[in-house]
Amino acid sequence: MVILSKPAIEQFSYIRNKQPAAALFPPLIPVVDLSKPDSKHQIIKACEEFGFFKVINHGVPMEFISRLESEATKFFSLPFCEKEKTGQPKPYGYGNKRIGPNGDVGWVEYLLLTTNQDPNISTENPEIFRAALNNYMAAVKEMACEILEMVADGLKIQPRNALSKLMMDEQSDSVFRLNHYPPCPDVLQSLNSNVIGFGEHTDPQIISVLRSNNTSGLQISLKDGSWISVPPDHHSFFINVGDSLQVMTNGRFKSVKHRVVANSVKSRLSMIYFCGPPLSEKIAPLPSLMRGDQQSLYKEFTWFEYKRSAYSSRLADNRLTHFEKIAAS
Ligand SMILES: C=C1C[C@]23C[C@H]1CC[C@H]2[C@@]12CCC[C@@](C)(C(=O)O1)[C@H]2[C@@H]3C(=O)O
Ligand SMILES: O=C(O)CCC(=O)C(=O)O
Ligand SMILES: [Fe+2]
């Protein structure tokens with residue numbers, strides 16, 4: 001049995017201030033069936049209202065998903081000293097509890113990988129892990145590309161690949177993350193508060209494509225500041241609008257604030273493909289979305305500049321505000 005001393009208990013973050021609870025009947029998370037002809041309109045609506053939606057009939061073979069899940073489970077079950085051999089996430093590698101370089105602490109361990117280089121994961125059979133990763137990432141990338149083309153279509157942006165080409169570019173700075181949230185011992189879950197698995201934040205990229213096992217924990221924040229739990233569904237994917245897409249739509253879409261709370265019984269395993277543009281890409285509202293003399297709400301910046309700023313500010317900060325033009329008073 002593991003006995004946790006008081007200082008060890010105190011180092012984790014809890015949800016202290018209870019935000020307004022979502023209404024008695026919280027809104028249902030939009031579900032987009034990618035095989036339906038009107039899915040682009042549903043995507044636009046969901047991006048405007050929630051910055052978040054679930055996709056079904058996505059075309060990613062269940063076999064690819066299960067294989068990667070099983071490889072990731074094997075990896076996270078290794079003793080710490082084995083996992084550590086993968087190297088720290090500087091920027092890519094194995095991380096434990098410290099979420100990113102800022103000292104934010106979560107009840108989580110993870111592998112952070114780049115999507116355009118074979119990773120060096122320390123497992124018994126790295127070749128099998130790599131093959132599972134490559135199959136999964138290629139299929140998810142294709143689906144993400146299709147979704148971004150539907151977004152462009154739905155917004156009447158020309159050409160259709162104006163958004164998708166950024167993540168399809170050879171130089172795209174996309175990242176892939178495997179998160180493992182072990183069951184959190186009850187001693188850490190004090191009355192009325194939950195241990196944080198991953199602190200609240202928005203994803204800085206264009207969109208993120210998330211798949212998890214059947215364990216709950218993911219929550220999204222609604223426009224009124226309340227939080228709702230996302231019912232897990234291991235057959236589907238969840239799409240987050242990221243900060244970059246908020247800027248490219250000049251604020252018409254909002255990036256979704258989300259977090260993960262620890263579960264006391266089951267472990268949660270999530271795999272997330274973060275679709276990023278090339279580092280040198282200018283992140284700015286798409287010209288075809290700007291009507292008449294409409295101005296950009298944001299200053300000019302590149303993905304490199306935004307990423308640097310996101311990594312140096314703390315998780316919960318509304319980091320896009322540094323890039324907003326100050327409204328004339
Ligand atoms: C505290 C952190 C940890 C960061 C950077 C910084 C703020 C936002 C985090 C994320 C969140 C989305 C995925 C990720 C890969 C990203 O791009 O931004 C994460 C990154 C990391 O895990 O390194
Ligand atoms: O693990 C999850 O379900 C979400 C984690 C997350 O938001 C992230 O890694 O950016
Ligand atoms: Fe996230």
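The values are calculated or read from the model by the stated rules, or taken from the named source; none is laboratory data. What you see is a predicted model, and the numbers here were worked out from it, not measured in a lab. Positions of Cβ are backbone-derived with ideal geometry, glycine not excepted, and every protein chain shown enters the neighbour counts.
Give region 251-288 a look and list any residue that's out of contact with any strand residue (DSSP E or B) (no Cβ under 8 Å at 6 or more places or on another chain) and under 25 Å from residue 308 (Cβ atoms), or say none.
251, 286, listed by residue number.
Whether any residue in region 250-266 is in a loop (DSSP other than H, G, I, E, B), of a type in the set (Ser, Thr, Tyr), away from ligand 1 (no atom under 12 Å from the Cβ) and at pLDDT 95 or above is what I want to check.
no
Could you list, in sequence order, all residues of region 232-268 that are away from ligand 2 (no atom under 13 Å from the Cβ) and touching a Leu at 6+ places or on another chain (Cβ under 9 Å)?
Listed by number, the residues that qualify are 244, 245, 246, 247, 248, 249, 250, 251, 252, 253, 264.
Can we say residue 198 is at pLDDT below 95, within 11 Å of ligand 2 (Cβ to nearest atom) and crowded, with 22+ Cβ neighbours inside 10 Å?
So residue 198 passes the test.
Confirm whether residue 326 is of a type outside the set (Gly, Ala, Ser) and within 16 Å of ligand 2 (Cβ to nearest atom).
no
Of all residues in region 53-67, how many are of a type in the set (S, T, N, Q) and within 17 Å of residue 148 (Cα to Cα)?
Summing the residues that are of a type in the set (S, T, N, Q) and within 17 Å of residue 148 (Cα to Cα) in region 53-67 gives 1.
Every residue, every condition in (1) touching a Lys or Arg at 6+ places or on another chain (Cβ under 9 Å); (2) more than 16 Å from ligand 3 (Cβ to nearest atom); (3) over 23 Å from residue 28 (Cβ atoms), yes or no:
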{"position": "232", "(1), (2), (3)": "yes, no, no"}
{"position": "238", "(1), (2), (3)": "yes, no, no"}
{"position": "243", "(1), (2), (3)": "yes, no, yes"}
{"position": "249", "(1), (2), (3)": "no, yes, yes"}
{"position": "252", "(1), (2), (3)": "no, yes, no"}
{"position": "255", "(1), (2), (3)": "no, no, no"}
{"position": "263", "(1), (2), (3)": "no, yes, no"}
{"position": "266", "(1), (2), (3)": "no, yes, yes"}
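Restricting the search to region 58-113, which residues are part of a strand (DSSP E or B), touching a residue at least 40 places away in the same chain (Cβ under 8 Å) and of a type in the set (D, E, K, R)?
104, 109
Residues to consider are 218, 155; find the one that is under 21 Å from residue 272 (Cβ atoms) and either surrounded by fewer than 19 Cβ atoms within 10 Å (Cβ to Cβ) or among the hydrophobic types (A, V, I, L, M, F, W, C) (or both).
218
Consider residue 50 carefully, then state whether it is within 22 Å of residue 150 (Cβ to Cβ), within 16 Å of ligand 2 (Cβ to nearest atom) and crowded, with 18+ Cβ neighbours inside 10 Å.
yes
Limited to region 246-277, what total is found for residues that are of a type in the set (A, V, I, L, M, F, W, C), farther than 30 Å from residue 290 by Cβ and buried (at least 23 other Cβ atoms within 10 Å of the Cβ)?
4
Test each condition in (1) touching a residue at least 60 places away in the same chain (Cβ under 8 Å); (2) part of a helix (DSSP H, G or I); (3) not hydroxyl-bearing (Ser, Thr, Tyr) for residue 152 and report the one that comes out false.
(1)
Within region 77-111, take every residue that is among the aliphatic types (A, V, I, L, M) and surrounded by fewer than 21 Cβ atoms within 10 Å (Cβ to Cβ) and give me the one that is farthest from ligand 1 (Cβ to nearest atom).
Among them, the one singled out is 78.
What are the residues in region 195-239 that are in a loop (DSSP other than H, G, I, E, B), of a type in the set (Gly, Ala, Ser) and under 16 Å from residue 262 (Cα atoms), if any?
Once the filter is applied, which keeps residues that are in a loop (DSSP other than H, G, I, E, B), of a type in the set (Gly, Ala, Ser) and under 16 Å from residue 262 (Cα atoms), region 195-239 yields 216, 217.
Looking only at residues that are among the hydroxyl-bearing types (Ser, Thr, Tyr) and under 25 Å from residue 142 (Cα atoms) in region 269-301, which one is farthest from ligand 2 (Cβ to nearest atom)?
If we take residues in region 269-301 being among the hydroxyl-bearing types (Ser, Thr, Tyr) and under 25 Å from residue 142 (Cα atoms), then 288 is farthest from ligand 2 (Cβ to nearest atom).
When the residues of region 278-329 are filtered to those that are without any contact (Cβ under 8 Å) to a residue 12 or more places away in the chain and part of a helix (DSSP H, G or I), which remaining residue is surrounded by the fewest Cβ atoms within 10 Å (Cβ to Cβ)?
The residue in question is 321.
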